[in-house]
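The values are calculated or read from the model by the stated rules, or taken from the named source; none is laboratory data. Bear in mind the structure is a predicted one, so any value in this text is a computation, not a measurement. Note that we place each Cβ from the backbone using ideal geometry, even for glycine, and neighbour counts take in every protein chain shown.
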C-alpha cells in the first residue's frame with residue numbers, strides 16, 4: 001500500500017492519510033484497519049497453492065478500490081469522520097475529494113496490472129467488473145433513500161454494493177492461483193454468501209448493536225434513517241397503520257427518541273430481528289457448504305470458518 | 001460506445017445521455033461530438049499498420065475516460081450545461097453524478113481490456129497511467145484557483161490535465177500496432193506538443209475568441225476568472241501596480257465589464273496575446289518535427305498536419 005501511494009503531490013499525501021498510512025503531519029502510523037479484503041485474496045491464493053508475492057498486486061489493488069469507494073461514499077453520505085479521523089472531503093473540500101477517489105481508482109488499476117501479462121489482465125478485468133457492480137449498488141442504495149425497498153431488492157443491492165468486492169476477493173485469489181472456471185464459480189458463490197451474512201449482521205448491529213463492543217449505540221441506524229435490512233423487512237411486514245407511521249418517520253428528520261424506540265419495538269414485534277438472525281445463519285450455512293466444495297486444506301477450512309463466524313458476529 | 005454503455009440501469013441510461021448517444025427520452029441521437037481522442041488512436045494505429053478492429057477497444061476506452069473526467073469536472077466547476085445539455089449533476093444531483101463518473105471510469109478499464117491478453121494489459125496500464133496524470137493535473141488546476149501560477153507551472157499543469165489523454169491517444173495507437181519503445185517515445189513527445197498547442201490556443205480563444213466562430217464571446221474566461229494561460233502570463237509580466245489590480249480583480253466576483261476590458265487591454269499591452277500565439281506556433285513546429293521522425297506515410301503526415309493546424313486554430 002505504501003509503495004502504491006508513494007509520491008509528493010498533495011493528492012497522494014491526502015490519500016496516505018485517508019488509508020491510514022500517515023497522520024496529517026506526514027508521520028507514519030499504523031491505521032489501515034482490518035484489511036479484510038486483501039487478507040482474503042492472500043488467504044485464498046495461498047490455500048490454492050500460489051505464492052503470496054504473486055497475489056500481492058491483486059490484494060493491494062482491491063484494497064485501493066475499497067478505499068476509493070469510501071472517499072466517494074463519504075461525500076455522498078456527507079459523513080465528516082471515518083475511523084476517528086476527518087474524511088477527505090471534510091479536510092479538502094468536495095472537488096479535491098472527488099479527485100482523491102478518482103486517483104485511488106486509477107492507481108488500483110495500475111497496481112493490479114503489475115501482476116503482469118495475461119494474469120494481470122484477467123485480474124484487472126475481474127476487479128473492474130466488481131467495481132462497476134459496486135457502483136451500481138451504491139446508486140441503488142441512493143435510490144432507496146427516496147423509496148422503500150423489498151427484502152429481495154435490498155439483498156440484490158447489498159450483493160452489489162458491499163458483496164461485489166468481497167466476492168471479488170475470493171475470485172482474485174482463485175485467478176492468481178490459476179483455478180479453473182468451476183473453482184472460480186464456487187469461490188464467487190462462497191463470496192456472495194459471506195458478503196450477505198456480513199452485511200445483514202452489520203445492519204442488525206446498526207439497530208440493536210451495543211455501543212461497548214462495536215462502537216454503535218443502540219438505534220443509531222434508526223436515528224440516521226438508514227434504509228438497511230431491518231427497514232426493508234419491517235416495511236414489508238407492517239400492516240397499513242404501522243406502515244403509515246413508519247413512512248412518516250422515515251420521511252423527515254430528526255427522528256425523536258420515542259420514535260426511535262417505537263421503530264425498534266415494531267421491528268421486534270414483527271419478527272424482523274429474528275428474520276435477520278435467521279438470514280445470517282442461512283448465509284453462513286451456505287458459506288460452510290461452499291467451503292466444503294473447494295479444494296482447501298482442513299486447516300484452511302477451519303480458519304475460513306472461524307473468520308466467517310467472526311465477520312458475521314462482528315463483536316470485537 | 002453504444003455497446004460499452006448498453007444496459008437498463010438508471011446510471012447507464014444517464015451515461016448514454018451524457019456521452020450523446022441518447023436524448024433524455026431514450027431515443028438515439030447523434031451527439032457524441034468530435035471524438036478527437038479515439039480518432040487519433042485509430043489514425044495512429046492505422047498509419048502504423050494495425051487493423052482498425054484491434055484499435056477499437058483502446059479508442060473507446062480512452063473516450064470513456066475523457067467522458068468520465070467531464071462528469072466529475074462539471075461537479076467541481078459547478079457547470080450546469082455542456083454541449084447544450086444539462087450536466088449529469090444538474091440532472092441527478094452530485095451523489096449520483098459521482099457514481100456516474102466512477103462507473104464510466106470502471107467501464108473504460110473493462111473495455112480497453114477487451115483488446116485481450118498482454119496487449120490489453122499494456123493498453124490498460126497506459127490508459128490508467130494517463131488517467132492518474134490527468135487527475136493530478138485537475139488537482140493542480142484547482143489549486144491555481146487559490147494562487148497564481150507561473151507560465152512554467154501552468155504548462156506543467158496542462159501537460160497533465162488535458163495533455164495526458166491526448167498524449168495517451170498517440171501512445172495507445174502505437175501499442176496497438178506493436179511499435180517499439182523508440183517509436184512510442186516519439187509518439188508521446190508528439191502528443192505532448194499537440195496537447196500544448198491545442199490547450200494554449202483554446203485559452204487564447206477563451207479571452208479573444210469570437211462568439212460567432214467558437215461559441216465563446218470575447219472575454220468570457222476573464223469574466224469567469226478562469227486561470228488560463230493568459231492569466232499566468234500577465235501575472236508573470238505585470239509590474240507591481242498592475243499586479244495589485246489584477247490580484248484584486250481575480251480575488252472577487254463578479255468582474256465588472258470595465259475590469260474585463262482593462263484585463264484584456266493589460267494582457268495586450270504586456271504582449272501576452274503575442275506570447276501565446278508564439279507558443280502555439282512553437283509547439284506546432286515541435287509537432288511537425290515530431291511527425292517527421294515517425295514512420296508514417298506522406299499522406300498520413302499531411303492529414304496529421306492539417307488536423308494539428310485545425311486543433312490549434314479551432315475555428316469551426
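Pick from the stretch B:256-268 the residues that are assigned to a helix (DSSP H, G or I) and loosely packed, with under 13 Cβ neighbours inside 10 Å: which of them is farthest from the chain's Cα centre (by Cα)?
Applying the first criterion (assigned to a helix (DSSP H, G or I)) to the stretch B:256-268 yields B:257-268.
Add one more test, that the residue is loosely packed, with under 13 Cβ neighbours inside 10 Å, and what stays is B:257-258, B:265.
Numbers: B:257: 29, B:258: 31, B:265: 28 Å.
Going through the qualifying residues, I end up with B:258.
The conditions are (1) closer than 30 Å to residue B:177 by Cα; (2) part of a helix (DSSP H, G or I), and residue B:76 fails exactly one of them. Which is it?
Of everything listed in (1) closer than 30 Å to residue B:177 by Cα; (2) part of a helix (DSSP H, G or I), residue B:76 misses just condition (1).
Is it fair to say residue A:315 is under 18 Å from the mean Cα position of the chain (by Cα) and either at pLDDT below 95 or outside any helix (DSSP H, G or I) (or both)?
Considered against the rule, which asks whether it is under 18 Å from the mean Cα position of the chain (by Cα) and either at pLDDT below 95 or outside any helix (DSSP H, G or I) (or both), residue A:315 comes out as yes.
Which numbered condition in (1) away from chain B (no Cβ under 14 Å); (2) buried (at least 24 other Cβ atoms within 10 Å of the Cβ) is the only one that residue A:205 fails?
So residue A:205 meets the others, but not (2).
How do the helices (runs of 4 or more DSSP H) wholly within the stretch B:94-182 filter down when requiring 3 or more residues that are assigned by TED's automatic domain parsing to the domain that holds residue B:45: which remain?
Because the criterion is at least 3 residues that are assigned by TED's automatic domain parsing to the domain that holds residue B:45, the helices (runs of 4 or more DSSP H) in the stretch B:94-182 that meet it are B:94-113, B:117-144.
Kindly indicate whether residue B:149 is more than 9 Å from chain A (Cβ to nearest Cβ), modelled with pLDDT under 95 and within 30 Å of residue B:233 (Cβ to Cβ).
So residue B:149 fits the description; yes.
Residues are listed down the side, and each one gets a yes or a no for (1) within 14 Å of chain A (Cβ to nearest Cβ); (2) in contact (Cβ under 8 Å) with a residue 40 or more places away in the chain; (3) surrounded by 17 or more Cβ atoms within 10 Å (Cβ to Cβ); (4) more than 22 Å from residue A:131 (Cβ to Cβ):
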{"site": "B:34", "(1), (2), (3), (4)": "no, no, no, yes"}
{"site": "B:44", "(1), (2), (3), (4)": "no, yes, yes, yes"}
{"site": "B:57", "(1), (2), (3), (4)": "yes, yes, yes, no"}
{"site": "B:64", "(1), (2), (3), (4)": "yes, yes, yes, no"}
{"site": "B:73", "(1), (2), (3), (4)": "yes, yes, yes, no"}
{"site": "B:90", "(1), (2), (3), (4)": "no, no, yes, yes"}
{"site": "B:99", "(1), (2), (3), (4)": "yes, yes, yes, no"}
{"site": "B:103", "(1), (2), (3), (4)": "yes, yes, yes, no"}
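Can you pull out every residue in the stretch B:105-119 that is facing another protein chain (nearest Cβ under 7 Å) and either at pLDDT 95 or above or more than 16 Å from residue A:116 (Cα to Cα) (or both)?
Step one: filter the stretch B:105-119 for residues facing another protein chain (nearest Cβ under 7 Å), giving B:105-107, B:109-110, B:113, B:117-118.
Answer for the stretch B:105-119, where residues must be facing another protein chain (nearest Cβ under 7 Å) and either at pLDDT 95 or above or more than 16 Å from residue A:116 (Cα to Cα) (or both): B:105, B:106, B:107, B:109, B:110, B:113.
Search the stretch A:2-19 for residues being assigned to a loop (DSSP other than H, G, I, E, B) and either within 14 Å of chain B (Cβ to nearest Cβ) or touching a strand residue (DSSP E or B) at 6+ places or on another chain (Cβ under 8 Å) (or both), and hand back the single one that is farthest from residue A:106 (Cα to Cα).
It comes out as A:8.
Does the stretch B:216-228 include one or more residues that are in a helix (DSSP H, G or I) and either farther than 30 Å from residue B:83 by Cα or at pLDDT 95 or above (or both)?
Within the stretch B:216-228, the subset in a helix (DSSP H, G or I) is B:220-223.
Next, from what is left, pick out any that are either farther than 30 Å from residue B:83 by Cα or at pLDDT 95 or above (or both): none.
Taking every residue of the stretch B:216-228 in turn, none turns out to be in a helix (DSSP H, G or I) and either farther than 30 Å from residue B:83 by Cα or at pLDDT 95 or above (or both).
Does the stretch A:243-255 contain any residue that is without any contact (Cβ under 8 Å) to a residue 12 or more places away in the chain, over 26 Å from residue A:137 (Cα atoms) and not in a helix (DSSP H, G or I)?
No.
Which one of these is surrounded by 24 or more Cβ atoms within 10 Å (Cβ to Cβ), farther than 19 Å from residue B:4 by Cα and within 9 Å of chain A (Cβ to nearest Cβ): B:135, B:94?
That would be B:135, the only listed residue that is surrounded by 24 or more Cβ atoms within 10 Å (Cβ to Cβ), farther than 19 Å from residue B:4 by Cα and within 9 Å of chain A (Cβ to nearest Cβ).
Go through the stretch A:202-211 and count every residue that is part of a helix (DSSP H, G or I), touching a helix residue (DSSP H, G or I) at 6+ places or on another chain (Cβ under 8 Å) and more than 15 Å from residue A:157 (Cα to Cα).
Matching residues across the stretch A:202-211 total 5.
Could you pull out the residue among A:304, A:232, A:287, A:244 that is modelled with pLDDT of 90 or more, surrounded by fewer than 13 Cβ atoms within 10 Å (Cβ to Cβ) and out of contact with any strand residue (DSSP E or B) (no Cβ under 9 Å at 6 or more places or on another chain)?
Of the residues listed, the single one that is modelled with pLDDT of 90 or more, surrounded by fewer than 13 Cβ atoms within 10 Å (Cβ to Cβ) and out of contact with any strand residue (DSSP E or B) (no Cβ under 9 Å at 6 or more places or on another chain) is A:244.
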